[in-house]
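Chemist: Dropping the structure in here first, questions after.
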Amino acid sequence: MSSRAPDRWWRSAAIYQIYPRSFADGNGDGVGDLAGIRAHLGFLADLGVDAVWVNPWYASPMADAGYDVADYRAIDPLFGTLPEAELLIRDAHDLGIRIIVDIVPNHCSDAHVWFKEALQAGPGAAVRELFWFRPGRGERGELPPNNWRSIFGGPAWTRTKNPDGLPGEWYLHLFAPGQPDLNWENPKVREDFEDVLRFWFDRGADGVRIDSAALLVKDPALADFDPADPPHPHPFADRDEVHEVYRSWRRIADSYPEPRALIGEVWLPEAPESFVRYLRSDELHTAFNFDFLGCPWTTPAFRKAIDDGIALHAPVGAPATWVLSNHDVIRHVTRYGRADTRFSLGYRQLGAPSDLALGTRRARAAVLLLLALPGSAYIYQGEELGLFEVEDIPRELRQDPMFHQTGGENLGRDGCRVPMPWSGEAPPFGFSPAGATAPPWLPQPAAWTAYTVARQQGEPGSMLELYRSALRLRRREPDLGDGPLRWLTAAADVLSFARGDAFACVVNLSRTEVALPPHRKIILASAPVTNGMLATDAAAWLRTA
Ligand code: NOJ
């Protein structure tokens with residue numbers, strides 16, 4: 001069966017990530033919303049993406065920008081209403097765009113009805129079993145139950161007050177205090193999430209992106225451990241029992257006439273063999289490949305990430321995925337313009353100087369590489385405009401819990417979440433309608449005048465036109481998307497590979513221009529090609545036969 005067959009769309013799709021707070025503001029309150037997304041679906045269809053993944057849009061107090069979900073079956077009023085979400089899915093489908101919703105199963109919000117009931121009911125109540133409540137250590141229970149640290153910084157435990165107002169038990173939160181971890185040992189948690197999946201699949205969602213997919217199951221012993229030398233199995237990451245959860249989710253996804261796709265955020269950088277177990281044929285369809293995202297701008301690093309990524313996926317028959325940026329990482333224009341171009345979550349290097357012209361040249365080349373690789377590819381909103389990381393957001397305006405929980409030591413992720421510039425010469429750059437009552441929720445840099453959609457649309461040589469051309473060509477080229485890749489002989493520091501018999505992609509990461517291999521035609525190039533020479537930090541797609 002062709003990888004382009006409708007029920008295998010996820011094997012080849014180009015998927016656009018919408019961060020709803022920052023995409024487009026329909027009602028003028030300074031925060032993006034569903035009305036804004038609906039109004040710009042034409043832009044996405046024109047861009048040529050196959051699917052859209054929308055970050056959480058559910059009812060939430062927004063302790064972590066919506067990754068703290070109070071009600072998985074309701075849309076937050078900040079974003080709109082459930083009927084609007086249904087219309088959005090319908091409108092997207094009418095334009096041939098699939099919709100992926102974000103499911104957050106590891107934790108919910110402290111405003112979720114279960115958690116509120118658990119607090120009210122007090123110690124010993126059955127509803128507390130839906131979470132990880134424990135008495136504290138120390139004489140009066142004043143110390144956290146163990147030494148686990150929150151991924152955002154600080155302890156992974158917060159002490160509660162009993163209904164009588166006295167200090168009570170502690171609860172576990174691997175992320176912010178407003179994100180209590182759910183207890184996946186409890187059948188009620190499992191049943192409820194299966195129902196949530198059906199809720200969204202019944203409303204037409206074509207797939208789900210699963211947040212923090214490897215963290216759900218905890219060792220109930222909740223013992224101390226040394227994070228530098230964790231035991232095996234790990235007390236909360238990648239425990240065997242989590243696979244049973246995804247097997248049951250897969251049965252649900254497969255029960256639909258057009259099977260729904262399960263896409264895991266499985267961040268296990270040290271354990272590729274564990275990562276791929278999530279992609280066995282009765283579990284998830286695909287998972288984000290963060291190795292490629294973290295690659296420094298060097299040939300050996302990319303070559304290894306590509307080879308390893310493909311080899312890793314082959315035994316389970318799952319397609320690889322490729323991604324350069326998302327709402328948690330420093331935008332790649334900024335990363336690629338630095339002296340040190342690596343990225344990992346623990347190595348953010350915020351504030352390191354960046355040559356944005358260099359980063360932009362490399363980002364242009366990188367998208368031709370991304371979209372030529374075998375499998376599916378993700379595009380994070382704004383990268384098609386060449387947006388850079390906004391690093392000078394005033395501290396008092398920063399919202400990310402990562403910033404606040406580290407006492408500002410880690411500047412966090414706000415810099416890649418700044419609202420999109422659509423048009424005009426000054427903020428809000430068309431993000432909010434004329435007459436908006438509030439400024440964009442994060443300030444946009446004045447320099448974005450030159451980055452708006454309106455400015456780039458139809459402008460030969462703009463980043464937006466490069467993305468549009470590449471996405472349209474990718475759709476038409478039968479050998480792109482899922483399928484084999486064959487490396488071609490190339491000069492040092494040049495990546496050159498064929499897809500099928502008539503298509504090649506060449507990326508020049510060397511310090512000098514290089515001659516393109518024999519070709520019939522240049523289909524697309526990230527920089528002008530003169531006399532068959534490809535410039536440094538440029539890429540080209542070639543018709544070779
Ligand atoms: C991963 C999400 O991508 C990130 O934005 C969020 O903060 C954490 N999971 C917690 O839900």
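None of the figures in this text is laboratory data; all of them are computed from the coordinates on show. Remember, it's a predicted structure, so these values are computed and weren't measured experimentally. Virtual Cβ from ideal backbone geometry, glycine too; neighbours counted across all protein chains shown.
Chemist: Just the ratio, please: alpha-carbon radius of gyration of the chain over 2.2 N^0.38 Å, N its number of residues.
Modeler: Ratio of Cα Rg to 2.2 N^0.38 Å: 0.97.
Chemist: Fewest Cβ neighbours within 10 Å first, please rank Phe503, Phe43, Phe199, Phe292 accordingly. Intermediate values should be presented prior to the final figure.
Modeler: On the way: Phe503 21, Phe43 18, Phe199 14, Phe292 24.
Neighbour counts put them in this order, fewest first: Phe199, Phe43, Phe503, Phe292.
Chemist: From largest to smallest, what semi-axes in whole angstrom does region 113-172 give when each is the square root of 5 times an eigenvalue of its alpha carbon gyration tensor?
Modeler: Values: eigenvalues 71, 41, 17 Å².
Listed largest to smallest, the semi-axes of region 113-172 are 19, 14, 9 Å.
Chemist: Considering the dipole of the chain built from charges on the beta carbon (Lys and Arg +1, Asp and Glu -1) around the Cα centre, which of Phe302, Val245, Val54 is farthest to its positive end?
Modeler: After comparing all options, I get Phe302.
Chemist: What is the distance in Å between the Cα centroid of region 75-133 and that of region 258-273?
Modeler: About 21 Å separates the Cα centre of region 75-133 from the one of region 258-273.
Chemist: Given C-alpha coordinates of region 249-317, what is the ratio Rg to Rh with the Kirkwood estimate of Rh? Intermediate results must be reported in sequence, preceding the final value.
Modeler: Numbers: Rg = 13.8 Å, Rh = 13.1 Å.
Rg/Rh for region 249-317 comes to 1.05.
Chemist: Here is a further query. Give the angle, between 0 and 90 degrees and rounded to the nearest 10, that separates the Cα long axis of helix 242-254 from the longest principal axis of the Cα atoms of the chain.
Modeler: 60
Chemist: Across the chain, how many lysine pairs, 8 or more positions apart or on different chains, have C-alpha atoms separated by under 28 Å? Please give the number.
Modeler: Details: Lys116/Lys161; Lys116/Lys188; Lys116/Lys218; Lys161/Lys188; Lys161/Lys218; Lys188/Lys218.
The number of close lysine pairs in the chain is 6.
Chemist: Another one. Share of Cα-Cα pairs in region 429-523 beyond 23 Å, in percent?
Modeler: Values: 2261 of 4465 pairs.
Tail of P(r) above 23 Å: 51 percent of Cα pairs.
Chemist: Ignoring solvent entirely, what values of log10 I(q)/I(0) come out of the Debye formula for region 309-371 at 0.18 Å⁻¹ when each Cα is a single scatterer?
Modeler: Per q value, in the given order, log10 I(q)/I(0) is -0.72.
Chemist: A further question follows. Shape call for region 11-117 from the C-alpha gyration tensor, a ≥ b ≥ c root eigenvalues: rounded (a/c under 1.5), prolate (a/b greater than b/c) or oblate?
Modeler: Details: a/c = 2.20, a/b = 1.64, b/c = 1.34.
It comes out prolate by the Cα gyration axes.
Chemist: Working from Cα positions, state the angle (0 to 90°, nearest 10) between the long axis of helix 82-94 and the longest principal axis of the chain.
Modeler: 20
Chemist: Moving on. 222 nm [θ] for the chain, helices only, -39500 (n - 2.57) per DSSP H run of 4+, per residue, to 500? Working shown, then result.
Modeler: Working: 15 runs with 137 residues, N = 545.
Theoretical 222 nm ellipticity from helices: -7000 deg cm²/dmol.
Chemist: While we're on this one: So what's the angle, to the nearest 10 degrees on a 0 to 90 scale, between helix 299-313 and the longest Cα principal axis of the chain?
Modeler: Taking Cα atoms only, the helix is inclined about 60 degrees.
Chemist: Over all directions, how big on average is the projection of the convex hull of the alpha-carbon atoms in region 195-306, in square nanometres?
Modeler: Working: hull surface 35.6 nm².
Hull-based average projected area comes out at 8.9 nm².
Chemist: Something else now. Among Phe175, Phe288, rank each residue by its count of other Cβ atoms within 10 Å, from fewest to most, as a rough exposure measure. Present the calculation step by step, with values, prior to reporting the outcome.
Modeler: On the way: Phe175 25, Phe288 21.
Listing Phe175, Phe288 from fewest to most nearby Cβ atoms yields Phe288, Phe175.
Chemist: Can you tell me the alpha carbon radius of gyration of region 482-543 divided by the globular rule-of-thumb value 2.2 N^0.38 Å? Kindly include the intermediate steps, with their values, before the conclusion.
Modeler: Numbers: Rg = 10.8 Å, N = 62, 2.2 N^0.38 = 10.6 Å.
Normalised by 2.2 N^0.38 Å, the Cα Rg of region 482-543 equals 1.02.
Chemist: Shifting gears a bit: Could you grab the Rg to Rh ratio for region 94-242? Cα atoms only, Kirkwood for Rh. Each step should come with its number before you reach the end.
Modeler: Working: Rg = 16.9 Å, Rh = 16.6 Å.
Rounded to two decimals, Rg/Rh equals 1.02.
Chemist: Quick one: compute a quarter of the convex hull surface over the Cα atoms of region 126-208 and quote it in nm².
Modeler: Numbers: hull surface 28.9 nm².
Mean orientational projected area (region 126-208, Cα hull): 7.2 nm².
Chemist: For Ser354, Ser510, Ser344, which order do you get if you count the other beta carbons within 10 Å of each Cβ and list the fewest first?
Modeler: On the way: Ser354 22, Ser510 16, Ser344 13.
Sorted ascending by nearby Cβ count, the order is Ser344, Ser510, Ser354.
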